[in-house]
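Contents: one structure, followed by commentary.
The values are calculated or read from the model by the stated rules, or taken from the named source; none is laboratory data. All values reported here derive from a predicted model rather than from experimental measurement. Reconstructed Cβ throughout: ideal geometry from the backbone, glycine too, with neighbour counts over all protein chains shown. Accessible surface areas use protein heavy atoms only, side chains included; no ligands, DNA or RNA. Shrake-Rupley method; radii C 1.70, N 1.55, O 1.52, S 1.80 Å.
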Amino acid sequence: MTRTGKEPVAVVGIGQTKHVAARHDVSIAGLVREAAVRALADAELTWADIDAVVIGKAPDFFEGVMMPELYLADALGAVGKPMLRVHTAGSVGGSTALVASNLVAARVHRTVLTLAFEKQSESNAMWGLSLPVPFQQPLLAGAGGFFAPHVRAYMRRTGAPDAVGSLVAYKDRRNALKNPYAHLHEHDITLEKVQASPMLWDPIRYSETCPSSDGACAMVLTDRAGAARSQKPPAWVHGGAMRSEPTLFAGKDFVSPQAGKDCAADVYRQAGITDPRREIDAVEMYVPFSWYEPMWLENLGFAQEGEGWKLTEAGVTELDGDLPVNPSGGVLSTNPIGASGMIRFAEAALQVRGQAGEHQVQGARRAMGHAYGGGAQFFAMWLVGAEPPAS
């Protein structure tokens, strides 16, 4: 009997390393294998059960190892198996998961291991990201130098008060204390300390920025039959999409990029979501600088234009709020750049599997994973649920 339509895709295994500033005890191969082994253990599968491997990371010039996937095949059990590399700048972790999901949905492979990583201790991402922007003075220093003017534009456009960024950082760092895999565990964090931290890129303070982390994240994706054999509850993919737009073009809205809006709309359409604010229980959002929480709340349709900061200020995005955002601590607490997007996708899956531990959102049935990269130009998102998608 010939099957038509897409194959339902389930996340049955998730593995992360403990994210830290520097993993001097392992090579890149050891780092990725650690996450992969944990994902296989969670799925109760072996290397022999994997049909293909999809891997992603940020630009190769970060660590200076060109096409690392070639030498990582052995560490990931991919010798003699199809192996695919994905790259979409900072959103690559999300894009990598989506490529793996599509391979299962298209019935190219039944069970796929997908993984993303970064070993920032062996690179200098700060200056690696200080790239010249055409027709502008060379005043940038790191990604924050590029994005700070967009944050200031958002504040000017919406009238958001200066304290909003600090509220986001304070929330996410407290959430990270409940996540054993998070990089930053600041037990003495207070709102006052965040607000007193040095200004790096006006209006972004030191405590409102992401760290540089070494880490990897892996997931095992499988078809309906594979999910039926799983002894643990799977997370079902209800929708996923990628969108991109140029870094610079006439009329580009850096505050709320059209590609982000289009990507979210596609995911909602696939998942049958008509009111994301009410129908989605948790969001793992790519927020490398704290002000991007209210900005993405608007871009993704959780708030009307100019209203995102009000949700943050009202506590809606707290772990016990009406729409928890980044229960894991988010990118503000853990940032192995190539893996950061996949961590968002994996953490969303953990929520609907009921396996997020102390940062579990009670009753979460549908959760969104979100990633962006480049000059706010690459977007990847998925929505996962505790129940199989409607056929």
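Right, residue 243: in a strand (DSSP E or B) and on the phi < 0 side of the Ramachandran plot or not? Talk me through it step by step, then tell me what you get.
Values: in a strand (DSSP E or B): yes; on the phi < 0 side of the Ramachandran plot: yes.
Answer is yes for this residue.
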(message) Out of the helices (runs of 4 or more DSSP H) lying entirely within the stretch 272-327, which hold 2 or more residues that are closer than 21 Å to residue 209 by Cβ and modelled with pLDDT of 95 or more?
(response) 292-299, 308-313
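What number of residues in the stretch 1-32 are within 25 Å of residue 237 (Cβ to Cβ) and either assigned to a loop (DSSP other than H, G, I, E, B) or of a type outside the set (A, V, I, L, M) (or both)?
So the first thing to find is which residues in the stretch 1-32 are within 25 Å of residue 237 (Cβ to Cβ), and the list is 1-17, 19, 32.
Pick out the ones that are also either assigned to a loop (DSSP other than H, G, I, E, B) or of a type outside the set (A, V, I, L, M) (or both) and you get 1-9, 13, 15-17, 19.
Summing the residues that are within 25 Å of residue 237 (Cβ to Cβ) and either assigned to a loop (DSSP other than H, G, I, E, B) or of a type outside the set (A, V, I, L, M) (or both) in the stretch 1-32 gives 14.
Within the stretch 235-249, can you find the residues that are among the aliphatic types (A, V, I, L, M) and either at pLDDT 95 or above or buried (at least 16 other Cβ atoms within 10 Å of the Cβ) (or both)? Full working, then the answer.
Residues of the stretch 235-249 that are among the aliphatic types (A, V, I, L, M), as a first pass: 235, 237, 241-242, 248.
Correct list: 235, 237, 241, 242.
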(request) Taking only the stretch 37-72 into account, find how many residues are open to solvent by less than 50 Å² (accessible area, probe 1.4 Å), more than 20 Å from residue 213 (Cβ to Cβ) and without any contact (Cβ under 8 Å) to a residue 60 or more places away in the chain. (result) 1
(message) Looking at residue 265 and the list (1) hydrophobic (A, V, I, L, M, F, W, C); (2) buried (at least 24 other Cβ atoms within 10 Å of the Cβ); (3) in a helix (DSSP H, G or I), which single condition is not satisfied?
(response) (2)
(request) Please find, among 150, 187, the residue that is open to solvent by 60 Å² or more (accessible area, probe 1.4 Å) and more than 28 Å from residue 55 (Cα to Cα). (result) 187
(request) Collect the residues in the stretch 268-277 that are open to solvent by 60 Å² or more (accessible area, probe 1.4 Å) and either touching a His at 6+ places or on another chain (Cβ under 9 Å) or of a type in the set (A, V, I, L, M) (or both), keeping them in residue-number order. (result) 270
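Output yes when any residue across the stretch 28-36 is open to solvent by less than 30 Å² (accessible area, probe 1.4 Å) and under 16 Å from residue 221 (Cβ atoms), and no when none is.
Quick first cut of the stretch 28-36, residues open to solvent by less than 30 Å² (accessible area, probe 1.4 Å) only: 28-32, 35-36.
Next, only the ones that are under 16 Å from residue 221 (Cβ atoms) stay: 35-36.
Yes, some residue in the stretch 28-36 is open to solvent by less than 30 Å² (accessible area, probe 1.4 Å) and under 16 Å from residue 221 (Cβ atoms).
Kindly indicate whether any position in the stretch 341-348 is in contact with a Pro (Cβ under 9 Å, 6 or more places away or on another chain) and within 25 Å of residue 257 (Cβ to Cβ).
Looking only at the stretch 341-348, we keep the residues that are in contact with a Pro (Cβ under 9 Å, 6 or more places away or on another chain), and these are 343, 347.
After this cut, where a residue has to be within 25 Å of residue 257 (Cβ to Cβ) as well, the list is 343, 347.
Yes, the stretch 341-348 contains a residue that is in contact with a Pro (Cβ under 9 Å, 6 or more places away or on another chain) and within 25 Å of residue 257 (Cβ to Cβ).
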(message) Looking only at the stretch 93-123, count every residue that is of a type in the set (D, E, K, R), open to solvent by 10 Å² or more (accessible area, probe 1.4 Å) and either farther than 21 Å from residue 389 by Cα or in a strand (DSSP E or B) (or both) and tell me the total.
(response) 1
(message) Name the single residue that is modelled with the highest pLDDT among those in the stretch 198-234 being over 23 Å from residue 367 (Cα atoms), open to solvent by 40 Å² or more (accessible area, probe 1.4 Å) and part of a loop (DSSP other than H, G, I, E, B).
(response) 198
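Quick one: is residue 160 modelled with pLDDT of 95 or more, in a loop (DSSP other than H, G, I, E, B) and open to solvent by less than 50 Å² (accessible area, probe 1.4 Å)?
On the way: modelled with pLDDT of 95 or more: yes; in a loop (DSSP other than H, G, I, E, B): yes; open to solvent by less than 50 Å² (accessible area, probe 1.4 Å): yes.
Answer is yes for this residue.
Is it the case that residue 361 is in a loop (DSSP other than H, G, I, E, B), without any contact (Cβ under 8 Å) to a residue 24 or more places away in the chain and either within 22 Å of residue 256 (Cβ to Cβ) or in contact with a strand residue (DSSP E or B) (Cβ under 9 Å, 6 or more places away or on another chain) (or both)? Working first, answer last.
Numbers: in a loop (DSSP other than H, G, I, E, B): yes; without any contact (Cβ under 8 Å) to a residue 24 or more places away in the chain: no; either within 22 Å of residue 256 (Cβ to Cβ) or in contact with a strand residue (DSSP E or B) (Cβ under 9 Å, 6 or more places away or on another chain) (or both): yes.
Taking the combined requirement at face value, the residue does not satisfy it.
So which of 282, 264 ends up being touching a Leu at 6+ places or on another chain (Cβ under 6 Å) and under 25 Å from residue 365 (Cβ atoms)? Spell out how you get there, then give the answer.
Working: 282 fails: touching a Leu at 6+ places or on another chain (Cβ under 6 Å).
Just a single option satisfies the conditions, and that option is 264.
Which of the residues belonging to the stretch 67-88 are of a type in the set (Gly, Ala, Ser) and in contact with a helix residue (DSSP H, G or I) (Cβ under 9 Å, 6 or more places away or on another chain)?
75, 77, 78 - these are the residues of the stretch 67-88 that are of a type in the set (Gly, Ala, Ser) and in contact with a helix residue (DSSP H, G or I) (Cβ under 9 Å, 6 or more places away or on another chain).
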(request) Take the stretch 308-323 and flag every residue that is under 24 Å from residue 239 (Cβ atoms) and surrounded by fewer than 24 Cβ atoms within 10 Å (Cβ to Cβ). (result) 311, 316, 321, 322, 323
